[in-house]
Amino acid sequence: MSLPCNGDESRVYGKMVYSLGQREVRRQLFTAQTGIPNQLGKLTNRPTLRWIFQCFQGIHLLVHQGIKQVVNLTEERQLTLNFLTLSCQKYYILSG
């Protein structure tokens, strides 16, 4: 059983998750010796997680006649997905 957290604890946990996610993306980019485009279009291997989230804002799930389709998942966004965790990749790429 977990105890409910107050507002301060929630913010601490949120920052911790954000920091871990950002560190993982940067580690993946460093390992691959590559980067993703930043706000100026230049490659960076140290993007902020906020920037990555902004890049994914235009992606939508369209359901038409029971068929699901992800729209606006560009090649650049697909490339960025390769550096996110498998659970993030599954969120954006429909399988089966």
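Please treat every number below as a calculation from the coordinates, not as lab data. Bear in mind that the values here come from a model prediction, so they are computed numbers and not experimental data. So basically every Cβ, Gly included, is an ideal-geometry build from the backbone, and we count neighbours across all protein chains shown.
Of the residues Gly58, Gly66, Gly41, the one that moves most in a GNM of the chain with alpha-carbon contacts below 10 Å is Gly66.
Calculate, for Lys42 and Lys68, the FRET efficiency according to 1/(1 + (r/R0)^6) with r their C-beta to C-beta distance and R0 41 Å; round to the nearest 0.05. Don't skip to the end; give the middle numbers.
Numbers: r = 35 Å, r/R0 = 0.85.
So, using R0 = 41 Å, E works out to roughly 0.75.
Its DSSP H runs of at least 4 residues, each contributing -39,500 (n - 2.57), put the calculated 222 nm mean residue ellipticity of the chain at -15000 deg cm²/dmol, to the nearest 500.
On a straight-distance basis, which lysines could pair with Lys68 in a cross-link, Cα separation under 24 angstrom, same-chain partners fewer than 8 positions away excluded? Partners within reach: Lys90. Each label point was placed 7 Å from the Cα along the Cα-to-Cβ direction; for His60 and Asn82 their separation is 2.8 nm.
If a/c stays under 1.5 just call it rounded; otherwise compare a/b with b/c (prolate if a/b is bigger, oblate if not). Do that for the range 7-92, with a ≥ b ≥ c from the square roots of the Cα gyration tensor eigenvalues. Working shown, then result.
Numbers: a/c = 2.02, a/b = 1.23, b/c = 1.64.
Here the range 7-92 falls in the oblate category.
Note on Lys42, Lys90: ascending count of other Cβ atoms within 10 Å places them as Lys42, Lys90, the fewest first.
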